[in-house]
Each structure stands twice: as structure tokens, then as C-alpha cells.
Amino acid sequence: MSILKIENLTKKFGSFTALDGVDMEVNEGEVYGFIGPNGAGKSTTIRILLGMLKATQGEAEIFGKDAWSHAVDIHKRVAYVPGDVNLWPNLTGGEVIDLFMKMNGNANHEKREQLIKKFDFDPTKKSRTYSKGNRQKVALIAAFASDADLYILDEPTSGLDPLMEKVFQECVLDAKAAGKSVLLSSHILSEVEKLCDRVGIIRQGKMVETGTLEELRHLTRTHLTVQTKQPLTALNELKGIHNLEEKGSEFTFQVDTEEMDAVIRYISRFGILKLESAPPTLEDLFMRHYQSEERAGTGAEGIR
Ligand SMILES: Nc1ncnc2c1ncn2[C@@H]1O[C@H](COP(=O)(O)OP(=O)(O)OP(=O)(O)O)[C@@H](O)[C@H]1O
Ligand SMILES: [Mg+2]
């Protein structure tokens, strides 16, 4: 069942088009990774979903209701964490958590205490004294202590140290295990790889890729390092080989995932002494999309 649905969403700021016909769907119990470079339109999409901005055109629905006209209703079942959390300077962290939890609805106070411990957070200090990471924790504790059906997280871990990043990941997986849905916008691609069932990549206001990580991996390349008994020849004539480098008797290169089988068969004829492979990463895919304009278009059709 679809929890969140966006169709042909367009947002203009004056003559500038920030979103240009965006489609997205998040299903119940799914963690959806929303990635893209700075200024691509992630936060704009999220603000429309939260009813903070009005779309110029298109549909944005949560729980089957229009995000703009039913914002009040929708918010009772949604928890939101922004990347830059502003607090009331004179309230303590604990007081702000309570305030956020009231806004999110369905507060679970037992969970609040557990999360304060897990995030190693001191709720008694005045908010103005908190570091960025600690301000982030306030919003995260309030969000995950709310019994929401959908968690909308816009770069929620930008200020967290690696230990806290791990705690965050556990929180997302707990929410998923409880059947909740999560929309996670993030620049930390390893985080997205660990957590997300499906991923959407946005670029200049347009979705350029969507799919499961498995599906996206078909568009990526595996890194190989090989050494063979007999001299390995004519490797550069094989299909799907990129960035071939020769260091002594060792070859390093990348292979298109769909050509792996043929390439490995070919190499094994020379007698394999060493074979190391590094899996394709989301980062490779992301980089290929953003490094150069002309390459960005290729492969986008592979999924849809
Ligand atoms: N209120 C506004 N008025 C005018 N332009 C805006 C406004 N809000 C956003 N924009 C523009 O819309 C584009 C998309 O911005 P958005 O904040 O959605 O990007 P983002 O993907 O969240 O980027 P980041 O990764 O840096 O958070 C940017 O070019 C931004 O300058
Ligand atoms: Mg943003």
C-alpha cells in the first residue's frame, strides 16, 4: 500500500523551476532513500509534503490525502526531522523534546527515556548551550519517541558522530521492523545503502533514477584486480571493461555488471593467481551521475 505519493510535482520560485515533474512513491513498511546533490530539490519536495510550501502543479499525497489541504490531519501521524534543528534557546533539551512530541502526536514516554539513554543525551541543559549534534539529537529523540506512521527525515544525521550515526540507523531499522515508513534524504550514501529498500535520485529538480538498490546496481560497475599465470592479453578488447590499468603483472579495471560473467570466464583461461573484487557502490553510481553533464543522461532509462 502506498503511504506517500507524488505525481508530476512542479514547484517554481518566480521564474526559477526548483522541481520539474517529480514522481515518487513510498509504500507501507518501506525505507525510501532520497538522494541528490546540493540544490537538487530534496528539501523543497519535503516542504511540500509537510504542507509548508504550496506546489505550483502536480499532486503530493500522504495517507491518500492532499499534503497542502489536509496538512493538520496528516501531521498527527507524521514525525519530521530537519537537518538544521532550531530550538527555543531558553528551554531545556528535555522541554523541547516534549514540545516536539506534542506536535507530532502519539507520544510514547517510555520510548523517550530509552532514546535519551541510547543517544547519550543530557536533557537538563538549556538549548542555547547545545552543539549542532545535540540539537539534532533533540529532534531525533522527539521523532522516534512519537508513534508516527511515517518518518520524514531531511539529512537528519548531518551533525552526528559515527557512534550516534549507528544509533540513528538502529532507530530507523526499529521503525521499519514495526511496519512504519521512512522517507530519508541523505548525503551519506553508506547510510542510504544500509537502510533503504528503494532509492530515488534527484538532479536539478528531476528524478533521474529510481529503483531498488539491486536494480540500481545493474547500472554500476564492479572493481576488479587480477593476476594470471599466463600473460593476460587483449583484455581491452572485451565488452564492458573500463579504466584498465596495468601494474607489472597485475591488472585493475572496472566491469559493467552485466558483462561480469563473460569477463571472468575469459580471465580464467589464463589461470587465475589473484582475483579481488570490490562491489559497486551507490557512491560510484552517484558520482557517475554528477561528475559530468553528458554522462548523467545515460542509464537513466534502464530502470523505468
Ligand atoms: N524559498 C525559495 N526561494 C527561491 N528559491 C528557493 C527557495 N527554496 C529553495 N530554492 C531553490 O530551489 C532549489 C532546490 O533547493 P532545495 O533546498 O530543495 O535543495 P536540496 O536538494 O535540499 O539541497 P541540499 O542538499 O543542499 O539540502 C535550489 O536552487 C534553491 O536555491
Ligand atoms: Mg536540503
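Any idea which of (1) more than 10 Å from ligand 1 (Cβ to nearest atom); (2) touching a helix residue (DSSP H, G or I) at 6+ places or on another chain (Cβ under 6 Å) is the one ARG77 doesn't satisfy?
The single condition ARG77 does not satisfy is (2).
Let me spell it out: the conditions are (1) over 21 Å from the mean Cα position of the chain (by Cα); (2) outside any loop (DSSP other than H, G, I, E, B), and SER69 meets all of them except one. Which number is the exception?
That leaves (2) as the condition not met.
How many residues does segment 174-188 hold that are closer than 22 Å to ILE6 by Cβ and within 16 Å of ligand 1 (Cβ to nearest atom)?
Qualifying residue count for the region: 5.
Any idea which of VAL199, VAL208, VAL192 is farther than 22 Å from TYR80 by Cβ and either of a type in the set (Gly, Ala, Ser) or touching a residue at least 12 places away in the same chain (Cβ under 8 Å) (or both)?
One residue alone meets the criteria, VAL208.
Over 30 Å from ASP120 (Cα atoms) and not charged (D, E, K, R), is that true of LEU153?
For LEU153, the condition - over 30 Å from ASP120 (Cα atoms) and not charged (D, E, K, R) - is not met.
Would you mention how many residues in segment 28-41 are closer than 17 Å to VAL172 by Cβ and either within 14 Å of the chain's Cα centre (by Cα) or within 12 Å of ligand 2 (Cβ to nearest atom) (or both)?
So the count comes out to 6.
For the subset of segment 7-27 comprising residues that are under 16 Å from GLY58 (Cβ atoms) and within 16 Å of ligand 2 (Cβ to nearest atom), which member is surrounded by the most Cβ atoms within 10 Å (Cβ to Cβ)?
The residue in question is LEU19.
Quick check on THR210: is it of a type in the set (Ser, Thr, Tyr), at pLDDT 85 or above, closer than 30 Å to GLN169 by Cβ and not in a helix (DSSP H, G or I)?
For THR210, the condition - of a type in the set (Ser, Thr, Tyr), at pLDDT 85 or above, closer than 30 Å to GLN169 by Cβ and not in a helix (DSSP H, G or I) - is met.
Hey, can you tell me all the residues within segment 58-76 that are farther than 15 Å from SER2 by Cα and either surrounded by 15 or more Cβ atoms within 10 Å (Cβ to Cβ) or outside the structural domain of ASP149 (by TED's automatic domain parsing) (or both)?
Within segment 58-76, GLY58, TRP68, HIS70, ALA71, HIS75 meet the criteria.
Answer yes or no as to whether ILE97 is surrounded by 23 or more Cβ atoms within 10 Å (Cβ to Cβ) and under 14 Å from ALA139 (Cα atoms).
yes
Check ALA55 against each of (1) touching a residue at least 40 places away in the same chain (Cβ under 8 Å); (2) in a strand (DSSP E or B) and name the one condition it does not meet.
Every condition holds for ALA55 apart from (2).
Taking segment 78-94 as the region of interest, how many residues are crowded, with 18+ Cβ neighbours inside 10 Å and in contact with a strand residue (DSSP E or B) (Cβ under 7 Å, 6 or more places away or on another chain)?
Residues in segment 78-94 being crowded, with 18+ Cβ neighbours inside 10 Å and in contact with a strand residue (DSSP E or B) (Cβ under 7 Å, 6 or more places away or on another chain): 7 in total.
Give me the residue from segment 1-24 that is among the polar types (S, T, N, Q) and in a strand (DSSP E or B) and, out of that set, farthest from the chain's Cα centre (by Cα).
The selected residue is THR17.
Among the candidates SER292, SER268, which residue alone is among the small types (Gly, Ala, Ser), out of contact with any strand residue (DSSP E or B) (no Cβ under 6 Å at 6 or more places or on another chain) and at pLDDT 90 or above?
None of the other options fit; the residue is SER268.
The values are calculated or read from the model by the stated rules, or taken from the named source; none is laboratory data. All figures in this text were calculated on a predicted structure; none of them were measured in a lab. All Cβ positions, glycine included, derive from the backbone under ideal geometry; neighbour counts span all protein chains shown.
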